[in-house]
1. Could you list all residues from the stretch 402-425 that are in a strand (DSSP E or B), over 13 Å from ALA458 (Cα atoms) and open to solvent by 70 Å² or more (accessible area, probe 1.4 Å)?
2. Here is a list: VAL519, VAL454. Which entry is over 19 Å from ASP96 (Cα atoms) and open to solvent by 20 Å² or more (accessible area, probe 1.4 Å)?
3. So which of ARG615, ARG538 is under 30 Å from ALA667 (Cα atoms), free of Cβ contacts under 8 Å to residues at least 60 places away in the same chain, among the basic types (Lys, Arg) and not in a strand (DSSP E or B)?
4. Kindly indicate whether VAL143 is open to solvent by less than 30 Å² (accessible area, probe 1.4 Å) and touching a Lys or Arg at 6+ places or on another chain (Cβ under 8 Å).
5. Residues in the stretch 587-606 that are part of a loop (DSSP other than H, G, I, E, B) and either open to solvent by 10 Å² or more (accessible area, probe 1.4 Å) or in contact with a Phe, Trp or Tyr (Cβ under 8 Å, 6 or more places away or on another chain) (or both): how many?
6. Can you name the number of the only condition in (1) open to solvent by 40 Å² or more (accessible area, probe 1.4 Å); (2) modelled with pLDDT under 90; (3) not in a helix (DSSP H, G or I) that MET491 fails?
7. Out of all the residues in the stretch 47-76, which are assigned to a helix (DSSP H, G or I), crowded, with 20+ Cβ neighbours inside 10 Å and either of a type in the set (S, T, N, Q) or within 17 Å of the chain's Cα centre (by Cα) (or both)?
8. Only residues that are farther than 24 Å from PRO467 by Cα, in contact with a strand residue (DSSP E or B) (Cβ under 9 Å, 6 or more places away or on another chain), modelled with pLDDT under 85 and open to solvent by 50 Å² or more (accessible area, probe 1.4 Å): list them for the stretch 4-46, please.
Amino acid sequence: MLNKIFGNRYRTIERIGLGGMAEVYRATDEVLGRTVALKLMLPQYAADPAFAARFKHEAQAAANLQSPYIVNIYDWGRDDVDQTFYIAMELVRGTDLKTAINQRGALNQRKAAEIGSQICSALAVAHGYDIIHRDIKPHNIMVQPDGNAKVMDFGIARANGSSMTQTGSVLGTAYYVSPEQAQGKPLTPATDLYSLGVVLYEAVCGRVPFDGPDAVSVAVKQVSEQPLPPHEINPDIDPELEEIILKAMSKDPNQRYATASAMRTALNNYLAGRPVNTGIVDTQAATTVLPGNLVQPSQAASDLGAERPLGSPPIAPTTVLPVTTSKAPKPPGIPGLSAPSKTASHAEDTRRKNRKMAITIGVIAGALVLGFLVFAIIMALAPGHSNSKQVMVPQIIGYSLEEAEQSLINSQLKLGEVTYQPSESVAKGRVISAEPSPSTKTMVDIGSSVNLVVSSGAEEPKQKAVPRITNLKRAAAEKALTDAGFTPKYMGDENSSSVNRGNVTRQDPAAGKQADVGVEVSFYVSSGPATTTVPDVRGKSESEATQTLKDEGFSVTVSSNRLNSDTVPAGNVIDQSISPGTTRERGSSVTITISAGPVLISVPNVVGKSYADARYLLDASGLTAADATVDVDRSSQDGVIIKADPKPGAKVTKGSTVTIYIGNYTAPPEEVTPPEETTTPPV
C-alpha cells in the first residue's frame, strides 16, 4: 500500500497504525500539499456492506465535531481502483497515552487531571451531537509535544440513536468498558465517563484497576468488583482527585457525573485548588484501635491529638470500621401523613443498635489504649527497673526518610546507616525496612542507632522501547528521547521532500525497537526538499533533451501536441514547461514540446491561368513566383501558364519559389502564293 494514491489525491508514505477494521498511513495530500493520516478499511471488510456503512458512519459523525481536543476529519471517500474506503484526517504529532504510561509508569497527578479535563471537553462536544465514543482508552488519546491531548477514533461511535454494532457484541477494550457495555445494555454518555475514569485510574496508578487472563474475566470484574482505591497503590494520590476518579467509575451510571461538562468542572476545581464536592458518601466512618496495624506514613505524632513523651511507645494506629449511615426508607403513601412501616422501624432499631455498638467498642478501645500507655510509662520510669534505659523502636516503615529520622529522635534513638534498594511496592524515598525491626516486643538502649533500607523506586529497566521522534521538531525530539532515558545525537540536516523543514526525517535505532537505557539515538533533521536549476533543452533532439533533464533529477513528460516552427527542425524541442534557470525541487516534472517543423503549403493550380491570375494565387498562398517562357504552337496558349514547378498540389514550405512557365506563341511566316497561270482557249 506504500506510494499508492487513493481518491486521486492521497499518496501513502508510511504505515503508522493497524486496528481491527482499518490500517492508518501517513500520507501526502497532493492537492493541498499537506501531510495527513489516511485510514484505509482492511480488504476483508471493504466488500461487506455492514462494515462499509459503519466506516462511512464514522466519517460523517466525526466530521461535525470541532474541538481543539478532537482529531479533525478532513475528507472521506471510496477509492474505485482498490475498491476500499478511506478517511483523511489530521496527523497528530506526539504519542498515545498508553505508550506514555507504559514507558514512564504513573503520571504526575496534576498532568493526568489536565488531560482528563481536555478529554471531558472533547466528550462534551461529541455528546452534544448525540455521539457516544464507546471506546475511550489511552490508546485513543494522543498527547502532543505541547502536552495537550486529542481524542481520536470514533470508529465505533453511535450517532443519532443508530446502532452500528453486531447483535450481542461488546466493542471496545475489556480493560476500559463500562459495566453496562460489558453486559450489552443500551448505552448513554455515562459509559464514556466510566471509561475515562478507568483511564485516569491507570494514569495515576500506573496500572489498570481490573486485570485477568482474558477479556471475559476482565469484563466480569468490571460488572461485579469494586476497584482498589488508588491511594492504596499510589500513596501520594490527592484524595479529591481519587474521589473524582471513583465517582466516574461508579457501577451505576446514575451515580456518575451527569455530564462530561460536570466532570470537567470537578477536575478544573481540583486543578485550581477549589473544593471538589463529588457527593460520595464515606461509609467507613467509625474507628477503633487495633494494636499492631501500621500508622500511615504521613501521620505525624501531633496529628494524633497530643505530643508523645520521649521514649514512650508509639500510639497505636486506627483501623476503620463500617457504620451504617443511610437513612431508613420513607413509608409508602403521602409523605408526612402515612404511619411508619415495619421496615422503617426495623431500620431505625438496627441503626440504634449499631450506634450503641460503635460507642461501646470505642470506649473499650480507648480504655485499652489508656491502660497500655499508663503501663508503658510506669514501666519506663519505675526506679531500678531493668528496662528503664530502653525504648521501643518506633513504627517507621513506609515513612519518608525525614519523617523516620524525626520519629527516631523523638524516641531517643539515632539514625544509623541508610541504604537504598529498588522496590516495586514501596514509593521512592519511603522506608522499606529497619534494623532493629519496629515491634512492640523490640526494646533497644536509648541512643542506639537504627539502620534503614529506603526505596529508590521501581528499578529502571535495562532496555526500553525507543520512542518515535520522526516528524517532531528537533527540540521536541531531543526532549522525548531524554525523557525516555536515551541520549539524543543530532547527525545533521538532509534534504527531504516528505518531511517539513526543521522536523526529524529518520532515527536510529528505529521507533519501537528495544535498546539499552542511555544509548545514543541518532537522528537527522529535514532541510527541505533538494532543489536544482532547470537546464535549457530547447533546440535539442527529444532523446537528448530527455536525458539532460533526467541527469539533473527531473522527471520528463513529452507533450502529445507538436508545434510547427520555421526555425526548429522537426523532432527537436521547441518549448519546455519550466523556464531554463529556474530553481525547482528534484523530482519535479518538466514537460517538453517537440517541433513539427515548418508549415507546408500546397502549390495552387495555376496551369491554364493568365499570368496575372497565376501571380495573384501564388502571392496569396505565401509563395514566390519565378517566370519562365515556353514556346507554344497555338495562339490560344499565348500568355497562358502552361506548367508550374513544383507541380500544383505539391507540399512546399512557406515562401518557397514556384516557377511558372508562360506560353509564348510565334506565328509562322506567311507563304507567297505564285500567280495562277491562265490558259486562254483558242478561239
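The values are calculated or read from the model by the stated rules, or taken from the named source; none is laboratory data. This one's a predicted model, so the numbers in the text were calculated from it and none came from an experiment. As a convention, Cβ positions derive from the backbone with ideal geometry for all residues, glycine included, and neighbour counts pool all protein chains shown. SASA here: full protein model, heavy atoms, side chains in, ligands and nucleic acids out. Shrake-Rupley method; radii C 1.70, N 1.55, O 1.52, S 1.80 Å.
1. LYS414, GLU417
2. Of VAL519, VAL454, the one residue that is over 19 Å from ASP96 (Cα atoms) and open to solvent by 20 Å² or more (accessible area, probe 1.4 Å) is VAL519.
3. The conditions single out ARG615.
4. The answer is no for VAL143.
5. The number of residues fulfilling the criteria is 6.
6. Checking MET491 against (1) open to solvent by 40 Å² or more (accessible area, probe 1.4 Å); (2) modelled with pLDDT under 90; (3) not in a helix (DSSP H, G or I), the one that fails is (2).
7. Passing the criteria: GLU58, ALA59, ALA62.
8. PRO43, TYR45
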